[in-house]
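For reference, the structure discussed in these notes is given below.
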Amino acid sequence: MDSLTQAVLGAGISLALLGRRVGPRRAAVIGAVLGTLPDLDVLVPFANPVDELVLHRGASHSLVVHVVSTPVLGELLRWLIADLRERRWRAWLTVFACLATHALLDAMTVYGTQLLWPLSTYPFGLGSVFIVDPLYTLPLLVVTVWALLARGWSRPLGRATATALVLSTAYLGWSTLAQRRALDRAETALAAWGLGSERTLATPTPFNTLFWRVIAVDGERYHNVYVPLLGNGVVVESHDRGPVCVLAGLPEAQRLAAFSKGFFRVERLGDRLAVADLRMGLTPAYVFRFVVAAIGPDGPAPVAPVRLPTRRELARDGGWILAGIAGAVRPRPAEGPEILLAETVRHPSC
């Protein structure tokens, strides 16, 4: 999730555990700092842009690492805050809860979080919430601002903090139910229209959990199925995945394909090949696109990966997303006939 959300989540947890003991302001600041710590891995100098994508949310987001680091950070917290000197278990619990909920919340997004590193490098990513979701963040933001402005602890602030944590957690529960409903409707539609799928994934469109995109990979094609939960119909857009069979011999491309869990496409850009992760961004504005090969007389040859800039389509998509949230079933303007493919495109290189 975004940095603001992680900070106010940490602040809310720290308020619930420490607010009465150390005061609301200090508790909120402690939680915000702890809730931000895992994302400091962005400061690590990775070898190349693919490493930045694949290795982010690695060790710093591991529950195993959080268990090991809790005593160290907990004792540091007790040393810094005199009111916690006699409350070791509460200080340790606050540290672990702020770190672990950061990682678990990230795992609710589609990106991928290595919760069990170093025991496993599998990137867990449920994909039931968008990386920025105001409805999740707002209750926690309200109590954090309240705490920062408060002169002291109060019963209303305590009740508000508990309510914010319950509401935000319930919202995550709702998102998983909505995801299942969107996936069921999309799979029913694909079957009715005779469209195959090797794997499917449902993720919400930006900033909400009422309008969903289901990605269905079908060999050399993939289908975007747009599902408004408040409407009865769906929209299906089918696209070419490119020459996906050329990845053999391209190590960085294979890493990207594995990280995307098979939800990727290959694009030919002149004499270069790029791999795009289909899960993040809306076609054709993928967030993560990397040049991984140059095409020569003997076929594709690996090159040092370069991340391509993201094409911004939000200005065109804003009205369409709002309509989808309200239940309207409309084709997406940025995904029109010029890139719509009804038949599989054959690639001679394959």
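The values are calculated or read from the model by the stated rules, or taken from the named source; none is laboratory data. Keep in mind that what you see is a predicted model, and the values were worked out from it rather than measured. Every residue, glycine among them, receives a Cβ derived from its backbone with ideal geometry; neighbour counts consider all protein chains shown. When the accessible area is computed, the model is the full protein with side chains, heavy atoms only, and any ligands, DNA or RNA have been set aside. Shrake-Rupley method; radii C 1.70, N 1.55, O 1.52, S 1.80 Å.
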(request) Summarise the accessible area of the range 12-74 (1.4 Å probe, protein heavy atoms) by the percent that is carbon and sulfur. (result) 71
(request) Express the relative contact order of the range 118-247 as a whole percentage, based on alpha carbon pairs under 8 Å and six or more residues apart in sequence. (result) 22
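Please give the charge dipole size of the range 171-266, origin at the Cα centre, charges +1 on K and R Cβ atoms and -1 on D and E Cβ atoms. Round to the nearest 20 debye.
Details: 10 positive and 8 negative charges, 47 e Å.
The calculated dipole for the range 171-266 is roughly 220 debye.
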(request) Once you have the Cα-Cα distance between Leu80 and Leu148, take 0.36 nm times their residue separation minus that, and quote the gain in nm to one decimal. (result) 22.6 nm
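Run the dipole for the chain about the Cα centre, Lys and Arg Cβ at +1, Asp and Glu Cβ at -1, nothing else charged, and hand back the magnitude in debye, nearest 20.
Numbers: 34 positive and 27 negative charges, 303 e Å.
For the chain, the charge dipole is close to 1460 debye.
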(request) Return the distance in nm (one decimal) between the two label points of a simple spin-label model at Leu322 and Ala162, each offset 7 Å from Cα along Cα→Cβ. (result) 3.9
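Ignoring ligands, DNA and RNA, please state the percent of accessible area on the range 109-249 from carbon and sulfur, probe 1.4 Å.
Percent of accessible area from carbon and sulfur atoms in the range 109-249: 65.
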(request) Would you kindly state how much longer the chain becomes between Ala294 and Ala192 on full extension, computed as 0.36 nm times their sequence separation minus their alpha carbon distance, in nm to one decimal? (result) 32.7 nm
(message) At 1.4 Å probe radius, can you tell me the per residue accessible area of the chain in Å²?
(response) 46
(message) Among Ala100, Ala293, Val143, which residue has its Cα furthest toward the positive end of the charge dipole of the chain, with +1 on Lys/Arg Cβ and -1 on Asp/Glu Cβ?
(response) Val143
(request) Rounded to the nearest Å, what's the spacing between the alpha carbon centres of the range 247-266 and the range 280-338? Just the number, please. (result) 17
(request) Quote the relative contact order of the chain in percent (integer), defining contacts as alpha-carbon pairs under 8 Å separated by 6+ residues. (result) 13
(request) Report, in order of residue number, the helices in the chain meeting two criteria: a C-alpha extent of 27 Å or more along the helix axis, and a mean Kyte-Doolittle hydropathy of at least 0.0; treat each whole DSSP H run as one helix. (result) 88-107, 155-192
(request) Could you please state, rounded to a whole Å, how far the C-alpha centre of the range 217-245 is from the C-alpha centre of the range 1-40? (result) 40
